[in-house]
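Structure first, commentary second.
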Amino acid sequence: MITQKHITILEKALHEQGLFVTCGKNPPNLMSTHWGSIGYFFNRWVFILPVRQNKLSHEIIDQTGEFTVSVPYTDLRNAIMKADIISGRKVDKFIELHLHPVKAKQVNSFVVGDCGLHLECKVIYTSEITRAVLNDAIFDELYSKKDYHTMYFAEIIMVWEK
Ligand SMILES: Cc1cc2nc3c(=O)[nH]c(=O)nc-3n(C[C@H](O)[C@H](O)[C@H](O)COP(=O)(O)O)c2cc1C
């Protein structure tokens, strides 16, 4: 189960280089994030992941209801930044970024084998960001193109270190 040590490592990664999210399997798709949150909801440990509605990852998570989070233990900043500018619609990002997919243990997807800590997550609640209840300054700063995030609340069903 998740420990305080895992939470500290994960929060540090969110503040620093970021982390990877993998979903799907044929091939698995990859995105980077430095937004996200770990918390206790619905009597469960949950990872909250924001994904913009136009991303392939959004489409896959809607279909599968699952994803994994992989936290680098080494400097993978280059791959994290590059994952931003290539879309899984055009290329296999694991191949393109020279990363190694390793089969997840509980969900039907993969983790990034080059990372040290992995969370396997199942979506239990979904919430859309909408203009009506969004602060004006945040809208101007982040959503002027109206490409809102969906917030996926996902139960962390397994945690493991390499
Ligand atoms: C540091 C960093 C953080 C990011 N955070 C998010 C995020 O929280 N949500 C999101 O939808 N995209 C985020 N992105 C962008 C996605 O990683 C990127 O668009 C990715 O290529 C999506 O791929 P897809 O269309 O294949 O799913 C971030 C990118 C970087 C480099």
- Note on the structure: Out of (1) of a type outside the set (A, V, I, L, M, F, W, C); (2) surrounded by 14 or more Cβ atoms within 10 Å (Cβ to Cβ); (3) on the phi > 0 side of the Ramachandran plot; (4) away from the ligand (no atom under 11 Å from the Cβ), the one GLY24 does not meet is (4)
- What tally of residues in segment 49-71 results from selecting those that are within 12 Å of the ligand (Cβ to nearest atom) and buried (at least 17 other Cβ atoms within 10 Å of the Cβ)? 11
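Would you confirm, using the coordinates I've provided, whether ASP114 is among the charged types (D, E, K, R), within 17 Å of the chain's Cα centre (by Cα) and not in a strand (DSSP E or B)?
Judged against the criteria, ASP114 is a match.
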- Inter-residue pairs, beta-carbon under 6 Å, first farther than 24 Å from THR8 by Cβ and of a type outside the set (Ser, Thr, Tyr) and in segment 19-33, second part of a loop (DSSP other than H, G, I, E, B) and near the ligand (Cβ under 7 Å from one of its atoms), 6+ apart: ASN29/GLY88
- Task: May I ask you to list the residues in segment 83-114 that are surrounded by fewer than 22 Cβ atoms within 10 Å (Cβ to Cβ) and within 17 Å of GLU16 (Cβ to Cβ)?
- Result: ASP84, ASP114
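Mind telling me which of the residues ILE80, ILE124 ends up being of a type in the set (Val, Ile, Thr) and either within 16 Å of the ligand (Cβ to nearest atom) or buried (at least 21 other Cβ atoms within 10 Å of the Cβ) (or both)?
On the way: ILE124 fails: either within 16 Å of the ligand (Cβ to nearest atom) or buried (at least 21 other Cβ atoms within 10 Å of the Cβ) (or both).
Result: ILE80 is the single residue among ILE80, ILE124 that is of a type in the set (Val, Ile, Thr) and either within 16 Å of the ligand (Cβ to nearest atom) or buried (at least 21 other Cβ atoms within 10 Å of the Cβ) (or both).
Bear in mind that the values in this text are calculations on the coordinates, not laboratory data. Only a predicted model underlies this, so the values are computations on that prediction, with no experimental measurement involved. Cβ coordinates were reconstructed from backbone atoms using ideal geometry, including for glycine residues, and neighbour counts include every protein chain displayed.
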